[in-house]
């Protein structure tokens, strides 16, 4: 009985010392002291020092209860809920939050209540109750909008993005919320929330398969986490960087980041383990036991000393066994984690190799498809431009001439658009070349406006054109790309402007010697673009919103092409827009004045003028090798208008026979034909006639490698659809050269 009595007294003393904090002062606590403890507790939670945070929260709660400060009692529960959330003890967190919210509603503490709402939204999202989570976040958002608290609005936008980002259907909304959070956090010093923002920006870039931007955002998150000592964010960011390196098929780099993540995890465990040991020592220390045992000595000193030694040995043994067990468990889990990580990396490596092979096959199939579709699109387009040229040559009326010129201009633009769409990857890789020539910019703009006038009239929209009279009449640049930029921008404005106005302005900003800088401005009073969409509107296949896409249609490709073309020309586009108030696009381009070039061209023209006129074609025999009947007819009529004697071959075999049995001055050879191709036919003709000029007149897409044509016997290449001037120039050049050698 005496032993049981001693054990009971020892247990009571341990309980007494375990629950009484000797650091709490007996003096009257001050609210500032409690506020400081709560702030330190939040920092400890961010650094995943849970034992330290628990002690700080216990102290703050005890002090708040002593002075009956209900606001800080509730806030202690809210911050304790935050700690439980980080430790994934969500039900405990909800219990604390419901206690805090009840007090905050009773005392009408709006600031504390909305802090709890945000915390409640985070925990509900972790429990996959997304609808309820959004409800609480929206309640808090209304309050912080009234208070104009940008930082808290940024935290709410970030947590909304976290709710949306893992669902493919709502991922675009997540990206929009992340953009809003970036704006709200501008100028903020909250490194913890900024590190979370960069982490989820990196997540969004991974979903967009932009690994370069994902790595940059993750490194930003890591730097902020390291600066603030936020071990949790550091650990998660290392894991994210490991995932990025896996996607890049860099297993060694991925494993390196994974090891760093495990090291941080170990340090978190060690820090909390040491705090646990310290707390145990403080609660069950020798001094506490000594005080209790001194009281028991009065009854039985000898038994008390024996019991003290036994109990102390037991406590220390239990503490040591507990610590060793935790260490063993940690080592076991880490070894298992490393083994699983290695197995996962090997599996992912095999999957990535297979995915790479499949991607290469898909890329090859895509290339073959683009080659075929390009030919099929160019062939009917050749008929459009060719027939337009023939109609222009047949003395149309003035009104017909205006329409035909617009048709011709639109055909040229359509060809350029087809080339850019089918080869958008080449455009983005800056592989598209700039083709400069001397042109009249004002006429180009007028042609663009004439081509788009019908579209504007259908929308009851008026076009206003303001052109600076001090701009030189002739400029040197790439007129087709400039036309494409303006058509895309004006087409975009027309599409989103109904019963309104569009202003097109071109002004000279400076001129030095032959260099002229012009500022282009396209302004409308149409739908406008929301602030959150203005960054993404120039990306491929991006529109202002789902509602706008349904209302106005379109591919979302036009502004992306504009951005890439301006980048190719060494410029950038700027956008100013308000939703419902219209948009303004501006960009600046540099041109040259062509005085020196014109003089050189004039001298060269005087030298070769007698040989390069269309009279050279008179009575010349030209063989047109073409399987398409419409194209045969168009090419033949264009040539016969210049008194050329034409013969036609439907395929390569017939062409070879005709060249063997007739004398031709030149051959225009298509490439894709039934039977033997144009290249094969040219090789056969070169076996018995090495001198006759053979020009490839083809609708195939010409890549950077043109050597195949020249090595197989072609003298030159004219891609269809062609400009008539280029067509005649090349034919005249080879006919003139043939006359000099005969």
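I'm trying to understand the selection: among the residues of the stretch 625-647, which are touching a residue at least 60 places away in the same chain (Cβ under 8 Å) and within 18 Å of residue 677 (Cβ to Cβ)?
626, 628, 631
With 665, 670 as the choices, which residue is within 17 Å of residue 638 (Cβ to Cβ) and more than 52 Å from the chain's Cα centre (by Cα)?
665
Do we find a residue being part of a loop (DSSP other than H, G, I, E, B), outside the structural domain of residue 45 (by TED's automatic domain parsing) and within 23 Å of residue 253 (Cα to Cα) anywhere in the stretch 210-222? Walk me through how you get there before you give the answer.
Keep residues of the stretch 210-222 that are part of a loop (DSSP other than H, G, I, E, B), which gives 210.
Narrowing further to those that are outside the structural domain of residue 45 (by TED's automatic domain parsing): 210.
This time we only want the ones that are within 23 Å of residue 253 (Cα to Cα), so: 210.
The answer is yes; a qualifying residue exists.
Each row is one residue, and each column tells you yes or no for (1) more than 22 Å from residue 251 (Cβ to Cβ); (2) part of a helix (DSSP H, G or I); (3) in contact with a strand residue (DSSP E or B) (Cβ under 6 Å, 6 or more places away or on another chain); (4) modelled with pLDDT of 85 or more.
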site	(1), (2), (3), (4)
306	yes, yes, no, no
312	yes, yes, no, no
318	yes, yes, no, yes
321	yes, yes, no, yes
325	yes, yes, no, yes
328	yes, yes, no, yes
353	no, yes, no, yes
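Looking at residue 193, is it touching a helix residue (DSSP H, G or I) at 6+ places or on another chain (Cβ under 7 Å), on the phi < 0 side of the Ramachandran plot and either part of a helix (DSSP H, G or I) or loosely packed, with under 15 Cβ neighbours inside 10 Å (or both)? Show your work before the answer.
Working: touching a helix residue (DSSP H, G or I) at 6+ places or on another chain (Cβ under 7 Å): yes; on the phi < 0 side of the Ramachandran plot: yes; either part of a helix (DSSP H, G or I) or loosely packed, with under 15 Cβ neighbours inside 10 Å (or both): yes.
Yes, satisfied.
So, in the stretch 16-58, how many residues would count as being under 59 Å from the mean Cα position of the chain (by Cα) and at pLDDT below 50?
So the answer is 9.
Which ones in the stretch 647-689 are in a helix (DSSP H, G or I) and over 23 Å from residue 710 (Cβ atoms)?
Those that are in a helix (DSSP H, G or I) and over 23 Å from residue 710 (Cβ atoms): 653, 654, 657, 658, 660, 661.
So for the stretch 233-242 (the condition being within 22 Å of residue 537 (Cα to Cα) and buried (at least 17 other Cβ atoms within 10 Å of the Cβ)), does at least one residue qualify?
First pass over the stretch 233-242, keeping only residues within 22 Å of residue 537 (Cα to Cα): none.
No, every residue in the stretch 233-242 fails to be within 22 Å of residue 537 (Cα to Cα) and buried (at least 17 other Cβ atoms within 10 Å of the Cβ).
Go through (1) loosely packed, with under 15 Cβ neighbours inside 10 Å; (2) farther than 19 Å from residue 162 by Cβ one by one and return the number of the condition residue 208 breaks.
Here residue 208 meets the rest and fails (2).
Return only the number of the condition from (1) at pLDDT 85 or above; (2) under 26 Å from residue 345 (Cα atoms); (3) surrounded by 15 or more Cβ atoms within 10 Å (Cβ to Cβ) that residue 226 does not satisfy.
All conditions are met except number (2).
From the residues in the stretch 211-222 that are surrounded by fewer than 18 Cβ atoms within 10 Å (Cβ to Cβ) and free of Cβ contacts under 8 Å to residues at least 24 places away in the same chain, which one is nearest to the chain's Cα centre (by Cα)? Quick ask: steps written out before the conclusion?
First, pick out the residues of the stretch 211-222 that are surrounded by fewer than 18 Cβ atoms within 10 Å (Cβ to Cβ): 211-213, 216, 219.
Applying the additional criterion that residues be free of Cβ contacts under 8 Å to residues at least 24 places away in the same chain yields 212-213, 216, 219.
Details: 212: 10, 213: 8, 216: 13, 219: 17 Å.
Here the answer is 213.
Quick test of your reading of the structure: residue 460 fulfils all but one of (1) modelled with pLDDT of 90 or more; (2) surrounded by 14 or more Cβ atoms within 10 Å (Cβ to Cβ); (3) not in a helix (DSSP H, G or I). Name the failing condition by number.
The failed condition is (2).
The values are calculated or read from the model by the stated rules, or taken from the named source; none is laboratory data. Computed from a predicted model, the values in this text were never measured in an experiment. Every residue, glycine among them, receives a Cβ derived from its backbone with ideal geometry; neighbour counts consider all protein chains shown.
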